[in-house]
Amino acid sequence: MTDTAEATEEAAPQQEPPAKKPTWWQRHYTFTGTVLALVFLWLSLTPSLLPRGPLFQGLVSGAAGAIGYGIGVLAVWLVQYMRSKDASPHAPGWAWLAVVVVGVIGQILMIIYFHVWQDEVRDLNGVPRMSFWDHPLTAVLSIVVLFIFVEIGQLIGRLVRFLTRQLNRFAPPRVSAVVSVVLLLALSIALLNGVVVHAGMGFLNKTFAAVNDETDPDFPAPDSTLRSGGPESLASWESLGHQGRVFVSAGPTVEELSKFNGKPAIEPIRAYAGLHSADGIKATAALAAQELLRTRGLDRDVVAVATTTGTGWINEAEAAALEYMYNGNTAIVSMQYSFLPSWLSFLVDKENARQAGQALFEAVDALIREMPEGQRPKLVVFGESLGSFGGEAPFLSLNNLIARTDGALYSGPTFNNTIWADLTRNRDNGSPEWLPIFDKGENVRFVARPDNLGRPDDPWSEPRVVYLQHASDPIAWWNPDLLFQEPDWLKEPRGYDLSGRMQWIPVVTFLQVSADMAVAVDVPDGHGHVYVKDVANGWAAVLQPPGWTPGKTERLRPLLSNDENA
């Protein structure tokens, strides 16, 4: 009896112990996503174009980690889909423990490397080094921001699963999942394009319109007939906008010009039309041209057409340098086409910048062409950032630019600048993308520092065009192609202020350079998107003013400033 029972017991299949229930952490987070999140977070700490503080670096690293987590989740889902499985096994506890250990050690090591890399980038850009506690703060902020972004993604995932369960009543599970995702994407796009964008742009327009109307006691209305907004002006002082009023009120005085040049100067002309000076871009451009005519600007030696950034801002250094070089015998004309900041205007008002640049130049050029050829003033164009983009708009190519003007100075060009992009793409063999040479420097030179004006040694014909650009300027080097394509400026010999440790990393480099754009003007002159003193060398090379010497250029450089930002 006992033998029979034992035999029966041995024959019966032994029951496996019940599977251990996964922990909340294992159910809530994807193992692959977590691993990729850490990898992306660490990669985001590698050096980029410009230095970043702990808070901003924490935001960048957290966002990069969240993208890595999303890629991991997508990869797991694709594997499940191809294997026709609804779920994949959870990673064992020891694997999560290993991730925690490696994650802590990796974060400590990356912060140490981040400290070394940031010191190098900051030294290259002349920025003070971070304090000791800034580095652990960066590490903590990165993890916190990553957690917040992932939690937001988890909420979205829950919503998708909820919609899928509701649709499962009427359709197969796979169809329900696809429909849920499509519905959520469509709803998100509709909200963003409709409610969010409409409300957001309404708020921004209202906010920046109020800023545009602000007056500054440091920049009073002019009492000269040679300035727009002053006596006899066709444009009222109030209509010029904040940046227009700053531009018209600023600039060197007759006394300052006379003292610098050692002989009596005349008052420079500054003609300007604001966004509210006329109805529409063409009408505003026509009014600005009429202001130039009213002030007898066409009788001056040089007429400069300046294209502004979004707010109507003009680089004061570019305007003042021109006036010093000609002892006030100049007329600068410009107009406003938006009151949004340059970065926002680049996104939503880029077409207005192009139209404004073209309309203003054509209006001024038409007035000059009516004059006898021997009596015409020199006609030059200039602009910075979005202003350089709009300033190129009237011209189809470099040949057209030098045929219709007596010179041009563009600083901090954007990747959308048509002529600049074409010249850079078709640069001479052996010259780097960050500082190209085109057609042996026949008519155009690319300059990061003054000594680049003599590069190459070949003759420099007239008219001349100068592009001021820094290797560390993210405005120039940001491009959607950075997502999946290594740029030449990282593969070729690098600029003087670009870290040799910076490496192209798919997706991550795009995020880093995108973030750099937000701090592009938070560095000293000569780096990033700050162009001040080298403007003097640029104008001197382009126009070669009568009696001007290299010594005067060196004296002028410290007098130039640019406190107002676009």
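Taking the numbered list (1) outside any strand (DSSP E or B); (2) in contact (Cβ under 8 Å) with a residue 60 or more places away in the chain; (3) of a type outside the set (Phe, Trp, Tyr); (4) within 23 Å of residue 555 (Cα to Cα) in turn, residue 255 passes all entries but (2). Go through the residues of segment 289-297 one by one and say whether even a single one is without any contact (Cβ under 8 Å) to a residue 24 or more places away in the chain and under 31 Å from the mean Cα position of the chain (by Cα). No, segment 289-297 has no match at all. Out of the residues in segment 316-352 that are of a type in the set (S, T, N, Q) and at pLDDT 95 or above, state the one that is nearest to residue 531 (Cα to Cα). Per the stated criteria, the residue is 334.
Of 430, 495, 454, all but one fail to be in contact with a Leu (Cβ under 8 Å, 6 or more places away or on another chain), of a type outside the set (Phe, Trp, Tyr) and modelled with pLDDT under 95; the exception is 495. Entry remark, segment 116-136: residues being within 12 Å of residue 54 (Cβ to Cβ) and either open to solvent by 80 Å² or more (accessible area, probe 1.4 Å) or touching a strand residue (DSSP E or B) at 6+ places or on another chain (Cβ under 7 Å) (or both) number 2 in total. The residue that is modelled with the highest pLDDT, counting only those in segment 367-396 that are of a type in the set (Gly, Ala, Ser) and open to solvent by 20 Å² or more (accessible area, probe 1.4 Å), is 393. Taken together, 58, 33 contain a single residue that is open to solvent by less than 20 Å² (accessible area, probe 1.4 Å) and touching a Phe, Trp or Tyr at 6+ places or on another chain (Cβ under 9 Å), which is 33. Checked against (1) closer than 19 Å to residue 315 by Cβ; (2) outside any strand (DSSP E or B), residue 362 passes all but a single condition, namely (1). Mind checking which residues of segment 446-474 are outside any loop (DSSP other than H, G, I, E, B), open to solvent by 10 Å² or more (accessible area, probe 1.4 Å) and touching a residue at least 40 places away in the same chain (Cβ under 8 Å)? Of everything in segment 446-474, those that are outside any loop (DSSP other than H, G, I, E, B), open to solvent by 10 Å² or more (accessible area, probe 1.4 Å) and touching a residue at least 40 places away in the same chain (Cβ under 8 Å) turn out to be 450, 453.
Filter segment 266-289 down to residues that are open to solvent by less than 20 Å² (accessible area, probe 1.4 Å) and either polar (S, T, N, Q) or assigned to a loop (DSSP other than H, G, I, E, B) (or both) and give me whichever is farthest from residue 351 (Cα to Cα).
So, considering only residues that are open to solvent by less than 20 Å² (accessible area, probe 1.4 Å) and either polar (S, T, N, Q) or assigned to a loop (DSSP other than H, G, I, E, B) (or both), the one farthest from residue 351 (Cα to Cα) is 268.
Of all residues in segment 487-523, exactly one satisfies the criterion of being under 16 Å from residue 469 (Cβ atoms), buried (at least 17 other Cβ atoms within 10 Å of the Cβ) and of a type in the set (Phe, Trp, Tyr), namely 489. Just so you know, in segment 230-249 the residues that are among the hydrophobic types (A, V, I, L, M, F, W, C) and within 25 Å of the chain's Cα centre (by Cα) include one that is surrounded by the fewest Cβ atoms within 10 Å (Cβ to Cβ), and it is 246.
Checked against (1) open to solvent by 70 Å² or more (accessible area, probe 1.4 Å); (2) part of a helix (DSSP H, G or I), residue 90 passes all but a single condition, namely (2).
Just one of the listed residues (352, 416, 399) is in contact (Cβ under 8 Å) with a residue 24 or more places away in the chain, assigned to a helix (DSSP H, G or I) and either surrounded by 24 or more Cβ atoms within 10 Å (Cβ to Cβ) or not hydroxyl-bearing (Ser, Thr, Tyr) (or both), namely 352.
Output the residues belonging to segment 525-551 that are among the hydroxyl-bearing types (Ser, Thr, Tyr) and more than 21 Å from the chain's Cα centre (by Cα).
Matches in segment 525-551: 549 only.
Yes or no: residue 283 free of Cβ contacts under 8 Å to residues at least 24 places away in the same chain and of a type in the set (A, V, I, L, M)? So residue 283 passes the test. Against the numbered list (1) closer than 21 Å to residue 401 by Cα; (2) surrounded by 22 or more Cβ atoms within 10 Å (Cβ to Cβ), residue 477 comes up short only at (1).
The values are calculated or read from the model by the stated rules, or taken from the named source; none is laboratory data. Only a predicted model underlies this, so the values are computations on that prediction, with no experimental measurement involved. All Cβ positions, even for glycine, are placed from backbone atoms using ideal geometry, and neighbour counts span all protein chains on display. Just so you know, the surface numbers come from the protein's heavy atoms only, side chains and all, with ligands and any DNA or RNA stripped out. Shrake-Rupley method; radii C 1.70, N 1.55, O 1.52, S 1.80 Å.
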